[in-house]
1. Of the residues that sit in the stretch 163-177 and are open to solvent by less than 80 Å² (accessible area, probe 1.4 Å) and not β-branched (Val, Ile, Thr), which one is modelled with the lowest pLDDT?
2. So is ALA160 open to solvent by less than 90 Å² (accessible area, probe 1.4 Å), closer than 26 Å to ARG35 by Cβ and not acidic (Asp, Glu) or not?
3. Among what's in the stretch 75-96 and is among the hydrophobic types (A, V, I, L, M, F, W, C) and open to solvent by less than 50 Å² (accessible area, probe 1.4 Å), pick the residue that is farthest from the chain's Cα centre (by Cα).
4. Take the conditions among the hydrophobic types (A, V, I, L, M, F, W, C), touching a Ser or Thr at 6+ places or on another chain (Cβ under 7 Å) and open to solvent by less than 20 Å² (accessible area, probe 1.4 Å) and apply them to VAL72. Does it pass?
5. Residues that are touching a helix residue (DSSP H, G or I) at 6+ places or on another chain (Cβ under 8 Å), over 20 Å from LEU26 (Cα atoms) and buried (at least 18 other Cβ atoms within 10 Å of the Cβ): does the stretch 106-124 have at least one?
6. Of the numbered conditions (1) surrounded by 15 or more Cβ atoms within 10 Å (Cβ to Cβ); (2) modelled with pLDDT of 95 or more, ILE102 satisfies every one except a single condition; which is it?
7. So, in the stretch 25-36, how many residues would count as being open to solvent by 50 Å² or more (accessible area, probe 1.4 Å) and either of a type in the set (S, T, N, Q) or touching a helix residue (DSSP H, G or I) at 6+ places or on another chain (Cβ under 6 Å) (or both)?
8. With respect to GLU58, determine if the residue is out of contact with any strand residue (DSSP E or B) (no Cβ under 6 Å at 6 or more places or on another chain), under 17 Å from VAL114 (Cα atoms) and either in contact (Cβ under 8 Å) with a residue 12 or more places away in the chain or among the acidic types (Asp, Glu) (or both).
Amino acid sequence: NGLSDLAISNRSNQGLPGGVVHLVSLSAFTITEGRSMFDIVDQFGHASLMPMAFDFAEDGTCVDRDPKGLLVTPGPEEAESEVEWYLGTLQRWNGKCMYQPITAKRAAWRDIPVTYVLSTRDMTVPVDYQRWMVEMMRKEGAEVEDFELDSGHSVDFSRAKEVSEIVNNVVARYEGK
């Protein structure tokens, strides 16, 4: 059925231990059931930009054509050697997933609280998309807390300290419960 089946409330109702208590999204696509990432790109009128942003192979895998600009979007605070190391870790990934609609009966964010970290310099998931998704989740009744960081798409790389503080604050809410 989806990640919402792993929500701690759903698991405890079934007499099962554990579960997911919170979602943390880092400049991520959060979409409704039956829609794909591409649907959002198309909604914003950017469908024609996909082949310019990603190099798709015959098997459907892809890589970013400009990973430094589209993923890292480095600012003056990132050392060039660290940026180059990070870029060296990137691999081809399943680009077909961007076109596949969510098949879960219910999106996890409907049942599990969300902390969404928006990346204001993101060129992969532009901040306009991110703001729209946060507002869409709220309009659909989701509990969403959001933070904006001056970063490119890889906010976990370029703003690791701030992201770890956000995650630690989320975890602290649940400690001892």
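The values are calculated or read from the model by the stated rules, or taken from the named source; none is laboratory data. This one's a predicted model, so the numbers in the text were calculated from it and none came from an experiment. Heads up, the Cβs are rebuilt from the backbone with ideal geometry, glycines too, and the neighbour counts pull from every protein chain shown. Just so you know, the surface numbers come from the protein's heavy atoms only, side chains and all, with ligands and any DNA or RNA stripped out. Shrake-Rupley method; radii C 1.70, N 1.55, O 1.52, S 1.80 Å.
1. Ranking the candidates gives TYR174 first.
2. Answer is no for this residue.
3. ALA79
4. yes
5. For the stretch 106-124, residues touching a helix residue (DSSP H, G or I) at 6+ places or on another chain (Cβ under 8 Å), over 20 Å from LEU26 (Cα atoms) and buried (at least 18 other Cβ atoms within 10 Å of the Cβ): absent.
6. (2)
7. 1
8. For GLU58, the condition - out of contact with any strand residue (DSSP E or B) (no Cβ under 6 Å at 6 or more places or on another chain), under 17 Å from VAL114 (Cα atoms) and either in contact (Cβ under 8 Å) with a residue 12 or more places away in the chain or among the acidic types (Asp, Glu) (or both) - is not met.
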